[in-house]
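Every number here is computed from the coordinates shown, using simple stated rules; none is lab data. What you are looking at is a predicted structure, and each value in this text was computed from that prediction instead of being measured. In this analysis, Cβ positions are derived from the backbone assuming ideal geometry, glycine residues included, and neighbour counts consider all displayed protein chains.
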Amino acid sequence: MAVTGLLLLGFVIAHLLGNLCVFGGPDLLNSYAYHLEGLGPLLWAARLGLLILVLLHITTAVQLVLENRKARPVPYQRYKPVETTYAARTMAASGVIVLAFIVYHLLHFTFRVTHPDISHGLDPHGHRDVYRMVVLSFGDPRVAGGYVFAMALLCLHLSHGFKSLFQSMGWNSIRLEPKLAGISRLLALLIFIGYSSIPLAVLLGFVKPAGALS
Ligand code: HEM
């Protein structure tokens, strides 16, 4: 679970850096997407790897939940958590919602079936107009709000996940624990700000559709 989580976190950071190209305008984002597509078989290998990582992460999560249940067959009469955090207690719920987000997100931006009217255009260079698709999508406050909500849950999930991967790998200690907790929270916050800045910048008019740029 820790290893797959760490590799997935690597993807989340790399994907964020790529998406931030939206702030550089249509040419930058569209040429980034074009070059990514140009990787051909390498891109397909990465996609397959990502799919395997997600499936392994889910399988180990289900195993963990079942083991935890088996370890405590009789539920607490009165549950008053002392040592745990909200993020830790809601890992399964935040994980399921992030998974639902990923399914929606793939239908939205990869398979382009949720907004077909704005998702299939080409830019003046003949590249797929990813910029137009992203910016017009987030012009709808329901879509932008849904993304910000999903990013908040993703980061709640990461704020506990990153810290606990050190625990699982045996890299934690009493001395390191508070530092790791702080680094985890900071990393999750930075990822939240980075991703949410995209729908919010569109919604607030800082990032505009290409025709409205001049
Ligand atoms: C504001 C937030 C986000 C934006 C604007 C965004 C944007 C995009 C875009 C434009 C694509 C399609 C790229 C293309 O076809 O060229 C894409 C694909 C994808 N996104 Fe995101 N994304 C966001 C958040 C996330 C998050 C948080 C995750 C994972 C937790 C994620 C996972 C993926 C995956 C797995 C793909 C498919 C990659 C592929 O087919 O190669 N995205 N995203």
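Numbers at a glance
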read-out: Enumeration of residues in the stretch 150-202 that are closer than 30 Å to residue 135 by Cβ and either hydroxyl-bearing (Ser, Thr, Tyr) or not in a helix (DSSP H, G or I) (or both); value: 159, 195, 196, 197
read-out: Hey, residue 28 part of a helix (DSSP H, G or I) and either touching a Ser or Thr at 6+ places or on another chain (Cβ under 6 Å) or within 18 Å of residue 105 (Cα to Cα) (or both) or not; value: no
read-out: Residue that is farthest from the ligand (Cβ to nearest atom) [pool: residues in the stretch 51-74 that are touching a residue at least 40 places away in the same chain (Cβ under 8 Å) and either hydrophobic (A, V, I, L, M, F, W, C) or farther than 20 Å from residue 3 by Cα (or both)]; value: 64
read-out: Subset of the stretch 170-183 [among the basic types (Lys, Arg) and either closer than 19 Å to residue 2 by Cβ or surrounded by 16 or more Cβ atoms within 10 Å (Cβ to Cβ) (or both)]; value: 179
read-out: Restricting the stretch 184-214 to residues that are hydroxyl-bearing (Ser, Thr, Tyr) and away from the ligand (no atom under 13 Å from the Cβ), the residue that is surrounded by the most Cβ atoms within 10 Å (Cβ to Cβ); value: 184
read-out: Long-range neighbours under 7 Å by Cβ, at least six apart or interchain, first residue closer than 17 Å to residue 10 by Cα within the stretch 159-175, second surrounded by fewer than 14 Cβ atoms within 10 Å (Cβ to Cβ) and among the acidic types (Asp, Glu); value: none
